[in-house]
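Let me begin by presenting the structure, written as structure tokens, before commenting on it.
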Amino acid sequence: MKKHLLLLFLIGLLSCKETNPKGVWITVKEKQMTSKNGYAHGITSLVVDFDKLECHFLSNYSESVSKFIVDSPSNSIIPVGDSAKIGYKLYRNDSLEVYIKRQNLTKVLIPLDLSHELDSSKEKIIQLLIEQQSYAVNDTIQMVFSNDYFDNNYFTKGIKDKRILRSSSPSMQHEGYWYIGQKNKNFFLIIDPDPYTTREYIFQITNVNEKKIALKDISTEGLLIRIPELKPVYNKADK
């Protein structure tokens, strides 16, 4: 009888472990929760830290940190200061779905690798991109990182951290926005080439200098999938 009870206890511990997210996760996709009603898009690039029990948006870390608690028995996240429970479901520790009923919205998250710490700062990376301005992507697309802010409150949600991005190729020209996100000493390049037809693409910066910016895909698609690096089209140091 004692062995049976011990076995049930161990199974219970394993079950709790499997349903409790650990570490840091990042939103890579949003979708409609149910087909009965429309849904409201949230701000993308949400980072959820289950170790510190806090979340923030990469677009504006200093002003967007929110605390939460995890209610394991009900598989729910409860924001501090809010009584509404946000359900979640963990899939094999490599995918997490968060359900926001009042927005009819499901957020899909994946674990974030924070082993790419850089000896730099957000301000230095922004300044480098602005000074170099024009970068080549896979020899087919050219991107110009402007210092002018993207003036469209519908897409910026009032956040003054998104600057104009101009991208061009032999068959297209677009104007969107870009910004640099940060988690600890890890930095991220987020771009949206054309907010009316595309979405935010997220790259983790693994190395940065005047010759190139090495990238790791976090959430990308189409022509911008698997971009290993950005290279300056014109380097002022060579002038």
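The values are calculated or read from the model by the stated rules, or taken from the named source; none is laboratory data. Because the structure is predicted, anything quoted here is derived from the model rather than measured. Cβ: placed from backbone, ideal geometry, glycine included. Neighbour counts: every protein chain shown. Surface areas here come from the heavy atoms of the whole protein model, side chains and all, with no ligands, DNA or RNA. Shrake-Rupley method; radii C 1.70, N 1.55, O 1.52, S 1.80 Å.
If we keep just the residues of segment 90-106 that are within 23 Å of Ile202 (Cβ to Cβ) and not in a strand (DSSP E or B), which is most open to solvent (accessible area, probe 1.4 Å)? Spell out the reasoning first.
Here is the first cut: in segment 90-106, the ones within 23 Å of Ile202 (Cβ to Cβ) are 90-100, 103, 105-106.
Filter once more, so that each one left must be not in a strand (DSSP E or B): 92-94, 103.
Details: Arg92: 189, Asn93: 98, Asp94: 76, Gln103: 59 Å².
Checked segment 90-106; the qualifying residue most open to solvent (accessible area, probe 1.4 Å) is Arg92.
Which members of segment 174-213 meet the condition of being under 17 Å from Val137 (Cα atoms), assigned to a strand (DSSP E or B), within 17 Å of the chain's Cα centre (by Cα) and of a type in the set (D, E, K, R)?
Asp192
Looking at (1) in a strand (DSSP E or B); (2) over 19 Å from Val28 (Cα atoms); (3) of a type in the set (Ser, Thr, Tyr), find the lone condition where Ser83 falls short.
Only one criterion in (1) in a strand (DSSP E or B); (2) over 19 Å from Val28 (Cα atoms); (3) of a type in the set (Ser, Thr, Tyr) is unmet by Ser83, namely (1).
Within segment 107-126, is there a residue that is modelled with pLDDT of 90 or more, hydrophobic (A, V, I, L, M, F, W, C) and part of a helix (DSSP H, G or I)?
First, the residues of segment 107-126 that are modelled with pLDDT of 90 or more: 107-126.
Okay, now just the ones that are also hydrophobic (A, V, I, L, M, F, W, C), so 108-110, 112, 114, 118, 125-126.
With part of a helix (DSSP H, G or I) added as a condition, the list becomes 125-126.
Taking every residue of segment 107-126 in turn, at least one turns out to be modelled with pLDDT of 90 or more, hydrophobic (A, V, I, L, M, F, W, C) and part of a helix (DSSP H, G or I).
Can you say whether Ile126 is crowded, with 16+ Cβ neighbours inside 10 Å, of a type outside the set (S, T, N, Q) and out of contact with any Asp or Glu (no Cβ under 9 Å at 6 or more places or on another chain), as far as the supplied structure shows?
Details: crowded, with 16+ Cβ neighbours inside 10 Å: yes; of a type outside the set (S, T, N, Q): yes; out of contact with any Asp or Glu (no Cβ under 9 Å at 6 or more places or on another chain): yes.
So Ile126 passes the test.
Report yes if Tyr179 is modelled with pLDDT of 90 or more and hydroxyl-bearing (Ser, Thr, Tyr), otherwise no. Spell out how you get there, then give the answer.
Details: modelled with pLDDT of 90 or more: yes; hydroxyl-bearing (Ser, Thr, Tyr): yes.
Spelling it out, Tyr179 is indeed modelled with pLDDT of 90 or more and hydroxyl-bearing (Ser, Thr, Tyr).
Going through Gly87, Gly12, Gly23 one at a time, which residue ends up being open to solvent by less than 50 Å² (accessible area, probe 1.4 Å), modelled with pLDDT of 90 or more and more than 19 Å from the chain's Cα centre (by Cα)? If you could, list the steps in order and put the result at the bottom.
Numbers: Gly12 fails: modelled with pLDDT of 90 or more; Gly23 fails: more than 19 Å from the chain's Cα centre (by Cα).
Of the residues listed, the single one that is open to solvent by less than 50 Å² (accessible area, probe 1.4 Å), modelled with pLDDT of 90 or more and more than 19 Å from the chain's Cα centre (by Cα) is Gly87.
Being within 20 Å of Tyr99 (Cβ to Cβ) and either at pLDDT 90 or above or open to solvent by 60 Å² or more (accessible area, probe 1.4 Å) (or both) is the filter here, so list the residues in segment 57-71 that pass it.
Correct list: Ser66, Lys67, Phe68, Ile69, Val70, Asp71.
So, in segment 142-172, of the ones that are of a type outside the set (D, E, K, R), assigned to a loop (DSSP other than H, G, I, E, B) and crowded, with 16+ Cβ neighbours inside 10 Å, which residue ends up modelled with the lowest pLDDT? So that I can check it myself, show each step before the final result.
Of the residues in segment 142-172, the ones of a type outside the set (D, E, K, R) are 142-147, 149-150, 152-156, 158-159, 164-165, 167-172.
After this cut, where a residue has to be assigned to a loop (DSSP other than H, G, I, E, B) as well, the list is 150, 152, 158-159, 170-171.
Now narrow it down to the ones that are crowded, with 16+ Cβ neighbours inside 10 Å: 150, 159.
Working: Phe150: 90, Ile159: 67.
Once the filter is applied, the top-ranked residue is Ile159.
Condition check ((1) touching a residue at least 12 places away in the same chain (Cβ under 8 Å); (2) crowded, with 18+ Cβ neighbours inside 10 Å; (3) out of contact with any strand residue (DSSP E or B) (no Cβ under 7 Å at 6 or more places or on another chain); (4) closer than 26 Å to Gly222 by Cβ) across all residues:
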| position | (1), (2), (3), (4) |
| --- | --- |
| Val108 | yes, no, no, yes |
| Glu117 | yes, no, no, no |
| Ser121 | no, no, yes, no |
| Ser134 | yes, no, no, yes |
| Asn184 | yes, no, yes, no |
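Among the residues of segment 201-217, count how many are open to solvent by 30 Å² or more (accessible area, probe 1.4 Å) and more than 14 Å from Ile125 (Cβ to Cβ).
Residues of segment 201-217 open to solvent by 30 Å² or more (accessible area, probe 1.4 Å): 206-212, 216-217.
When the remaining residues are screened for being more than 14 Å from Ile125 (Cβ to Cβ), the result is 211, 216-217.
The number of residues fulfilling the criteria is 3.
Please go through segment 72-84 and give me each residue that is under 17 Å from Val47 (Cα atoms) and exposed (fewer than 13 other Cβ atoms within 10 Å of the Cβ), ordered by number.
Val80
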